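Peer 1: Below you'll find the structure I mean.
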Amino acid sequence: MQEKKWSLQLGGRELVIETGTLAKQASGSVTVRYGDTVVLAAAVMSKEMSKITGYFPLMVDYEERYYAAGKIKGSRFIKREGRPSDDAVLSGRAVDRTIRPLFDSRMRNEVQVVVTTLSYDGENDPDLVAMIAASAALALSDIPWNGPIGAVRVGLQENNFVLNPSSEERDKSALDLLLSGTEEKINMIEASAEEITEEKMAEAFEFGFEAIKKITGFIESVRAEAGKAKREAALLRGSDEFEADIRRVCAELGIAEALYIRPKQATEAKVAEINEKIRAYAAEKYPDQKNLSELLAIIVDEVSDEAVHKNILEKDARPDGRAITEIRPITCAVGILPRTHGTGLFTRGETQALTVTTLGAPGDEMVVDTMETDMKKRYMHFYNFPPYSVGEVKPMRGPGRREVGHGMLAEKALIPVLPSREEFPYTIILVSEVLESNGSSSMASTCGSTLSLMDAGVPIKSPVAGIAMGVITGKDGAYKVLSDIQGLEDHYGDMDFKVAGTKDGITAMQMDVKIDGLTPAMLAVAIAQAKEGRLFIMDKMLAIIPEPRTTMSPYAPRIITLHINPEKIRDVIGPGGKVINQIIDETGVSIDIEDDGSVFITSTDETSAAKAVEWINNLTREVKAGELFQARITRIMDFGAFAEVLPNQEGLIHISELADHRVEKVEDVVHVGDIVPVVVKEIDSQGRINLSHKAALSQMREEA
C-alpha cells in the first residue's frame, strides 16, 4: 500500500492518521499522532470460522511500552515488560467497549486489534489516541464493521469545557469525561468528576459529541480514499426455515413467560428445562445441522431479548414486576466483623457486596510505576467477584479486566469525598467481596464502600451511592429508561450505565451499550432518573449510619504527626538509618519522614507511640537557656567536661561550673558515663551550649 497521511485540527492540536508505512501485513493498520503521542493500531481477521463458541471472538490488546516515554522499567531484576498494568488493562477495556457493539454479534471470525503506544509526550493521553487508532485501522481494513467511531476527552475548568485537556489541565479539572461514539450516537462513557450536576454533565455530553462527529467524518473521508473492500464474514446462521421453526418451538414452550417467573433461581430452572426440550427437538429433527448447540443458544437468546423489549416498551413490564423507576429492596449493615477497621454490607435484591476498610501508615502507599506515571497512591479499591456469587464453579485465577474495571469505577466514585492527607494521613485500602450478584455489583460495592469508610471513622466529606441504569429501545425510536437493572435486564437490555455520586452531584460514571449507542438527549434523561434512584438508595444507607464514626476501631493504628526542622531529619535517620531503625526496633512503631519535616508515627499501642514521639522530640528539639537536664558525661578535658543533654547535642560544663567550691581536677567531681543534673546557662552566638552543674545543684536544693 502506498504511504498516505491525513490531518485534522482538533482541540488546538493536529490529529494525524498515517497508513502504508508500518505493519502492512495486517488486515488494516494505521499510526495516529496527537501532539507527540503516537499509537500504532493493527487489526487482523481470521479467514475461517473460529472454533471458539458462545460469543463473537474479539481480542483487544493494549500494549504499553516504557520506551515510548523514554523510561526503563523500574524492577532491578526484570527489565522486560510483562503483565499489563491496571492502567493498560483499563485502556484496552475502553477500546474493546467502544468497538465491540459495532460488530455483527453472529460473526464468528476471530478478530484481533493490537494497539501499541510508540511515543508518549506526557501531555496527550494514549488511551484516547488508541481508540481513534483502533477505529481507523478497522475502517481501512477489509474487516466487516459498522464504524467508524470517534473519541474525545472533556474537561471542566472555571465552568468552561475543555476539549482533550492536557495531562496538566486534567489534574486541575473538575471533570474527566472520556466519550466515544458514531456520527449519530454515543456508545461508551468513562468519567470521574467532582460532584458535577446532572445538568452540567448533559452539557458535557453535547459538547463532546460535536467533536466526536467531526472525528468520525474525518475517518470516513480517509476510508473513502484508502479503505479496502470488506470481506464476507463467517456468520453463524441456519436456514430461514430452521430458524423460524426453532422460534416457533420457543414460543410454544413459553420461553418468554419463563423470564417473568420469580425469583431468579426459578427463572433459571424453567429456562434450563425449556432449553433441554428445544435441544432434544432440534437434535431429532435436524441431526445434520452444523453448530446446532450454538445456533439454538443464539435463537433462544434473540427470542428472549425480543420478548423483554416488547413487554417493557408496550406494558412497562419488567421481569421481576417492578415499576420502571423502582429500586429493589435494600438492607445495609456496618461493623459486622470484629477485628477489621471498618465493614459495610450492602444488599440490593439478589446482589450483595461486603466491603472491608483497612487503615495503614503513610508508608503503606502503593508505588505506581507505569509508562505514563510515577506516583504513590494512598487510597485503593479492590473488587473481587468469586464464581459462587452467581452459583457457578470456575477456577479463580486473579482479577481480570472486569474486576479491574469495576474496582477502579468504585475507587473513582469515592476519591472526591475523601479527606486530604493533611486531615487524615492514613493509607486506605478497600476490598469489596461480591457475595451474591444479580446485576450492578460494582454499584453495590460503591455503596458498601461508603458504609465501610464511615464505620471505620474516615471523615468523608459526603456519602456516595451508586445505581445502574438500563434502556430498552424500539425500532421506531421509542425507549424506556430502567432504574436499578438486574442481571437479566443487563443481558437483554441495550445499555448498562453506572452512575455514582453524592446528593450534590456525580462523582463517577461508566456506560456500555449493546446497540450502536444513545443520543445525548437520551443520556440526559438517564442521568436525571439515576439521581432520583441514587438519593433513594442513599437514604437507606444513612438510616444505618448517618455520618462517620467519631472514633476508630481499637484495632486500627493511630497516627501521630510531628513537624521537625528539615535540617534535623538526618539526626532522626542517623548514619545508614541506624537511629531510625533503633527507634522502630525498640518501640515497634512505623515511622515515615517527608522532606518538609513531617514525621508520621503509626502504632496500635499508645505507650509505644508516646515513647517514639519522645525519642524523636529529644533528637530534634533545640535546648533553651534555663532548662534543667539529666546529662551524660561524654568527655573529660582539663578545662571541664562535655555532657550530652539530648541525643547528639552536647554542652560544656566548665571546671568553674562543676561545684560551688574550687575544683582542682575535673575527675574529682565527674567521670565519663556519669549522669548528672545540669542547667543550660546560655547558648552563645556560635550555637555552643554552656552548662552548669553547680547551678543545677543549687536549684534542686531550693526546690527541695
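No value in this document is a laboratory result; all are computed from the given coordinates. The shown structure was predicted, so the numbers you read here are calculated from the model rather than taken from an experiment. Don't worry about glycine lacking a Cβ; one is built from the backbone with ideal geometry, like all the others, and counts go over all protein chains shown.
Peer 1: What value, in deg cm²/dmol to 500, does the helix sum -39500 (n - 2.57) over DSSP H runs of n ≥ 4 give at 222 nm once divided by the residues of the chain? Intermediate values should be presented prior to the final figure.
Peer 2: Details: 16 runs with 226 residues, N = 704.
So the calculated ellipticity at 222 nm is -10500 deg cm²/dmol.
Peer 1: Over all pairs of distinct alpha carbons, what does the Kirkwood formula give as the hydrodynamic radius of region 447-489, in Å?
Peer 2: Working: mean 1/r = 0.0767 Å⁻¹.
After inverting the pairwise mean of 1/r, the radius is 13.0 Å.
Peer 1: Which of 483, 50, 553, 432 has the fewest other C-beta atoms within 10 Å, and how do the rest follow up to the most?
Peer 2: Numbers: 483 24, 50 16, 553 21, 432 29.
Ordered by Cβ neighbours within 10 Å, fewest first: 50, 553, 483, 432.
Peer 1: What percent of all Cα-Cα pairs in region 4-226 falls into each 10 Å bin, going from 0 up to the bin containing the maximum distance?
Peer 2: 8, 33, 36, 18, 4, 0
Peer 1: List the chymotrypsin sites (Phe, Trp or Tyr not before Pro) in region 65-141 that DSSP assigns to loop (not H, G, I, E or B) and whose Cβ has at most 13 other Cβ atoms within 10 Å. Which are they?
Peer 2: Working: sites: 66, 67, 77, 103, 120; in loops: 77, 103, 120.
Qualifying residues, ordered by number: 77.
Peer 1: In addition: Using a 10 Å cut-off around each Cβ, can you sort 653, 583 from fewest to most neighbouring Cβ atoms? Write out the running numbers ahead of the final one.
Peer 2: Numbers: 653 27, 583 20.
Going from sparsest to densest Cβ surroundings: 583, 653.
Peer 1: So what's the angle, to the nearest 10 degrees on a 0 to 90 scale, between helix 693-703 and the longest Cα principal axis of the chain?
Peer 2: 90 degrees
Peer 1: Binning at 5 Å from 0, report for region 240-315 what percent of all alpha-carbon pair distances ends up in each bin.
Peer 2: Result returned by the calculation: 3, 16, 27, 25, 16, 9, 4, 1, 0.
Peer 1: What residue among 560, 487, 544 has its Cα farthest toward the positive end of the dipole of region 455-596, where the charges are +1 on Lys, Arg and -1 on Asp, Glu, each on the Cβ?
Peer 2: Positive-end residue among those listed: 544.
Peer 1: Between region 44-71 and region 375-439, what is the separation of their alpha carbon centroids in Å?
Peer 2: 26 Å
Peer 1: Still on this structure, I have one more. By how many degrees, between 0 and 90 and to the nearest 10, does the Cα long axis of helix 606-620 differ from the longest principal axis of the chain?
Peer 2: So the helix axis and the longest Cα principal axis differ by about 60 degrees.
Peer 1: Restricting the calculation to Cα positions, tell me the Rg (one decimal) and the Dmax (whole number) of region 1-125 in Å.
Peer 2: 16.4, 47
Peer 1: Now for a separate question. What's the angle, to the nearest 10 degrees (0 to 90), between helix 578-587's Cα axis and the longest principal axis of the chain?
Peer 2: Tilt relative to the chain: about 80 degrees.
Peer 1: Sticking with this one: Fewest Cβ neighbours within 10 Å first, please rank 343, 519 accordingly. Don't jump to the answer; show the numbers that get you there.
Peer 2: Working: 343 21, 519 17.
Placing the least packed residue first, the sequence is 519, 343.
Peer 1: Here's something else I'd like to know. Distance between the C-alpha centers of region 267-282 and region 310-332? Whole Å please.
Peer 2: If you average the Cα positions of each part, the centres end up 25 Å apart.
Peer 1: Counting other Cβ atoms within 10 Å, keep those with at most 13, restrict to DSSP loop, and tell me which trypsin sites (Lys or Arg not before Pro) in region 644-704 are left.
Peer 2: On the way: sites: 662, 665, 681, 688, 694, 701; in loops: 662, 665, 688.
Here the sparse-neighbourhood loop sites are 662, 665, 688.
Peer 1: From the mean inverse distance of alpha carbon pairs (Kirkwood) and the Cα radius of gyration, derive Rg over Rh for the chain. It would help to have the intermediate numbers written out before the result.
Peer 2: Values: Rg = 33.4 Å, Rh = 29.7 Å.
Result: Rg/Rh = 1.13.
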